[in-house]
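*Asks:* This is the structure, below, for whatever I ask next.
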Amino acid sequence: MTRDAHEEARELLSLGKDLLDARQAWLQTHLEGCAPCRDYAAAVRGLVQGMRSLPLAADARLVRATQMRVRFHASRLREARERQWLVGMACLGVGLSATLTIPLLWRLFAWIGEWAGVSPLVWQAGFVFFFFAPALAVGVLLLARGTHLANDDDHLR
C-alpha cells in the first residue's frame, strides 16, 4: 500500500515541530505547491492556537490526588536514596574490614597449614574458599528469595 504526498504531508503536520530538517524541507516544498494541504496546515495551526488559548482548570480532587501521588513517589525516592547510602556505607565497612583482616587470616591459615602438615596448595585453597563462602551464601540466599534488596511492600505497587 503506497501513500500519496497529501497523506504524508498531513501526517507530518500532525507531528508538529518534531521533524527532521529534510522532512521539514520536503513539507515546506509540498505546501508551496499544494493549495489543499496549505489550507489543511492553516486549519491545523488555527486549531492548535485555539486550543492553547483556552483556559485549563483542574478539579480540586485531581489536584489533591496528584499532590498525594507526587508526595508518595518523593518519599519512595527518599527511602531509596537512604537505602543506597546505607548499602554504600556497608560496602565501605566490609571493604575496610576485609583489607585489615585478610593479611591476618592469611597468616592464620599458613600457620594452621604448617601445624597440620598439609601442602601450601591445600591451605591456600581453604583460604580462598573461606574468603568467598560468605559472599556465595548471601548470593544463594538472595536468589532463593527471588529479589535483590527489595522492600517487603513491593507487592503494593
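*Asks:* Let me know the Kirkwood hydrodynamic radius for region 69-146, please, with Cα pairs as the basis and the value in Å to one decimal.
*Replies:* By the Kirkwood definition, the hydrodynamic radius is 15.7 Å.
*Asks:* Using a 10 Å cut-off on Cβ atoms, rank the peptides 39-47, 78-86 from the highest mean neighbour count down.
*Replies:* The most tightly packed comes first, giving 39-47, 78-86.
*Asks:* Same structure, new question: Tell me, which cysteines of the chain are without a disulfide-compatible partner by the Cβ under 4.7 Å rule?
*Replies:* Result for the chain is 91, no neighbouring Cys Cβ within the cutoff.
*Asks:* Follow-up. Rounding to the nearest 10 and keeping the result within 0 to 90°, find how far the Cα-based axis of helix 35-53 lies from the longest principal axis of the chain.
*Replies:* Approximately 60 degrees, to the nearest ten.
*Asks:* Which of (1) 24.0; (2) 15.1; (3) 15.7 is the computed Kirkwood radius over Cα pairs in Å for the structure on display?
*Replies:* (1)
*Asks:* Quote the FRET efficiency, to the nearest 0.05, computed for residue 140 versus residue 71 with a Förster distance R0 of 25 Å and r equal to the Cβ-Cβ distance.
*Replies:* Between residue 140 and residue 71 the formula returns 0.05.
*Asks:* Moving on to the next point. Rounding to the nearest 10 and keeping the result within 0 to 90°, find how far the Cα-based axis of helix 5-15 lies from the longest principal axis of the chain.
*Replies:* 60
*Asks:* For residue 108 and residue 38 in the same chain, what is the full-extension length gain: residue separation times 0.36 nm, less their Cα-Cα distance, in nm?
*Replies:* Fully extending the segment from residue 108 to residue 38 adds 16.6 nm.
*Asks:* Rounded to the nearest 500, what is the 222 nm mean residue ellipticity of the chain from helices alone, with -39500 (n - 2.57) per DSSP H run of 4+ residues and division by all residues?
*Replies:* -28500 deg cm²/dmol
*Asks:* Rounded to whole Å and sorted largest first, list the principal axis extents of the Cα atoms in region 5-53.
*Replies:* 30, 23, 15
Where a number appears in this text, it was derived from the coordinates with a stated rule and is not lab data. Fair warning: this is a prediction, and the values are worked out from it, not measured in the lab. Don't worry about glycine lacking a Cβ; one is built from the backbone with ideal geometry, like all the others, and counts go over all protein chains shown.
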